[in-house]
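Please read the structure below before turning to the comments.
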Amino acid sequence: NSLNSSLSSELLDNLLFLNGSATVTSSSLDAFGQQSAPGSLLSNSNRAEVASVNLSPSLRGRLGDAATMELRVNATATNTRRSKTGDSSAYGAALSMGSNSRNTILGWGLQASRQRSEFRVGGGSTQDIATASLSIRPDSDLQITLRGDAETNDVLAGERRRYDTAGGGVSRTPSPRTSASFDTDHRYFGN
């Protein structure tokens, strides 16, 4: 069995929003353990019910005519029945600001986020990212973006380390229904 639900609500006109989702599904506990065919009714000790819930309120607005901003908070919890291995929780916040660059040649963006993940078995990790971007629009349907990031996390080494990363992208939107984009980033784990 699998159950899915989602919620998307505008609590205050053009200002406060709430997104949420919840799922309950059956999943393998061990990727190398006994597997079951989809829809099988046979008992399998390697299968367990997994429930997840996610809530993410956000505050969006304009800073005069020059910029937009969004503040988003998120929280996720996952629980595996009959096992602690898959249980986790994550929470974080992100703030982004950027220019209203729809009809301008130059645009900018600033983003900062923190995400904390905790696992019932195996500890947790924290990731902080700050990004600055500059976009150039030489034509109305072409945009070139350059990004620079400073990222601090304890994912690879178990201790907090700082990584300076960079990236960029090109996007083309010849019509409202057609778009193509290419993005690349060099992150702490590779390209």
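The values are calculated or read from the model by the stated rules, or taken from the named source; none is laboratory data. Predicted model only: the values in this text are computed from it and were never measured. Note that we place each Cβ from the backbone using ideal geometry, even for glycine, and neighbour counts take in every protein chain shown.
Structure data summary
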quantity: Residue within the range 70-82 that is in contact (Cβ under 8 Å) with a residue 24 or more places away in the chain, of a type in the set (V, I, T) and farther than 30 Å from S27 by Cβ present; calculated: no
quantity: In the range 1-21, residue surrounded by the fewest Cβ atoms within 10 Å (Cβ to Cβ) [restricted to those that are in contact with a Pro (Cβ under 9 Å, 6 or more places away or on another chain) and either aliphatic (A, V, I, L, M) or not in a strand (DSSP E or B) (or both)]; calculated: L11
quantity: Exclusive hit being at pLDDT 95 or above, in contact with a strand residue (DSSP E or B) (Cβ under 7 Å, 6 or more places away or on another chain) and surrounded by 12 or more Cβ atoms within 10 Å (Cβ to Cβ), set S89, S58; calculated: S58
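Here's the yes/no breakdown for (1) touching a Gly at 6+ places or on another chain (Cβ under 6 Å); (2) farther than 24 Å from L63 by Cβ:
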residue: G86; (1), (2): no, yes
residue: Y91; (1), (2): no, yes
residue: M97; (1), (2): no, no
residue: R114; (1), (2): yes, no
residue: A150; (1), (2): no, no
residue: R160; (1), (2): no, yes
